[in-house]
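The values are calculated or read from the model by the stated rules, or taken from the named source; none is laboratory data. Only a predicted model underlies this, so the values are computations on that prediction, with no experimental measurement involved. Positions of Cβ are backbone-derived with ideal geometry, glycine not excepted, and every protein chain shown enters the neighbour counts. Remember, those area values only see protein heavy atoms, side chains included, never the ligands or the DNA or RNA. Shrake-Rupley method; radii C 1.70, N 1.55, O 1.52, S 1.80 Å.
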Amino acid sequence: QVLVQESGPGLVKPPQTLSLTCTVPGGSITTNHYYWSWIRQSPGKGLEWMGDIAYSGSTYYSPSLKSRTSISRDTTKNQITLQLSSVTPEDAAVYYCARGFWELGIRRYDYWGQGTQVTVSS
């Protein structure tokens, strides 16, 4: 079992930067072949992959969010951070942290955090 926990502010004002933290208390975020991803879901919409950081430390981002998204990690604390700059109301969503891996060319996720709701309002 891998416990995944998201934390951060529930409210952010435009055009501030949203900063969220994903903590994996009992696991290693550097385990080979795994990726730690940030995924969000807006009300009434499906899941949107934002980006992730691989076991090697390499980062990958959704083209639509790349310009204002930054994912980093603290291996000592087993934490993955998400920073989304210049937020707008369109960024309001439930944000998830999940562990991903590749299987037959398909990205799959086996562990998810419970999600954290983020409201964007001035």
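Could you please find all residues in region 73-95 being touching a strand residue (DSSP E or B) at 6+ places or on another chain (Cβ under 7 Å), of a type outside the set (Gly, Ala, Ser) and open to solvent by less than 60 Å² (accessible area, probe 1.4 Å)?
If the condition is that a residue be touching a strand residue (DSSP E or B) at 6+ places or on another chain (Cβ under 7 Å), of a type outside the set (Gly, Ala, Ser) and open to solvent by less than 60 Å² (accessible area, probe 1.4 Å), then Asn78, Gln79, Ile80, Thr81, Leu82, Leu84, Val87, Thr88, Asp91, Val94, Tyr95 are the ones that fit.
Of these, Ile29, Ile53, Ile39, which one is crowded, with 16+ Cβ neighbours inside 10 Å, in contact with a strand residue (DSSP E or B) (Cβ under 9 Å, 6 or more places away or on another chain) and modelled with pLDDT under 95?
Selected residue: Ile29, the only one of Ile29, Ile53, Ile39 that is crowded, with 16+ Cβ neighbours inside 10 Å, in contact with a strand residue (DSSP E or B) (Cβ under 9 Å, 6 or more places away or on another chain) and modelled with pLDDT under 95.
Which condition from (1) closer than 15 Å to Val24 by Cα; (2) in contact (Cβ under 8 Å) with a residue 40 or more places away in the chain is the one that Ser72 breaks?
Against the list (1) closer than 15 Å to Val24 by Cα; (2) in contact (Cβ under 8 Å) with a residue 40 or more places away in the chain, Ser72 comes up short only on (2).
Condition first: open to solvent by 70 Å² or more (accessible area, probe 1.4 Å) and of a type in the set (Ser, Thr, Tyr). Now tell me which residues in region 56-69 satisfy that.
Ser56, Tyr60, Ser64, Ser67
If you go through region 81-94 one residue at a time, do you hit one that is assigned to a strand (DSSP E or B), under 19 Å from Pro43 (Cβ atoms) and β-branched (Val, Ile, Thr)?
For region 81-94, residues assigned to a strand (DSSP E or B), under 19 Å from Pro43 (Cβ atoms) and β-branched (Val, Ile, Thr): present.
Considering region 96-122 alone, what residues qualify as being open to solvent by less than 50 Å² (accessible area, probe 1.4 Å) and part of a loop (DSSP other than H, G, I, E, B)?
Correct list: Gly113, Gly115.
Specify which of the listed residues (Ser19, Ser64) is more than 14 Å from the chain's Cα centre (by Cα) and modelled with pLDDT of 95 or more.
Of Ser19, Ser64, the one residue that is more than 14 Å from the chain's Cα centre (by Cα) and modelled with pLDDT of 95 or more is Ser64.
Going through Ser42, Ser85 one at a time, which residue ends up being polar (S, T, N, Q), in contact (Cβ under 8 Å) with a residue 40 or more places away in the chain, out of contact with any Asp or Glu (no Cβ under 9 Å at 6 or more places or on another chain) and farther than 16 Å from Gly113 by Cβ?
Residue meeting the stated conditions: Ser85.
Can you tell me how many residues within region 1-25 are open to solvent by less than 80 Å² (accessible area, probe 1.4 Å) and either in contact (Cβ under 8 Å) with a residue 60 or more places away in the chain or in a loop (DSSP other than H, G, I, E, B) (or both)?
Residues in region 1-25 being open to solvent by less than 80 Å² (accessible area, probe 1.4 Å) and either in contact (Cβ under 8 Å) with a residue 60 or more places away in the chain or in a loop (DSSP other than H, G, I, E, B) (or both): 17 in total.
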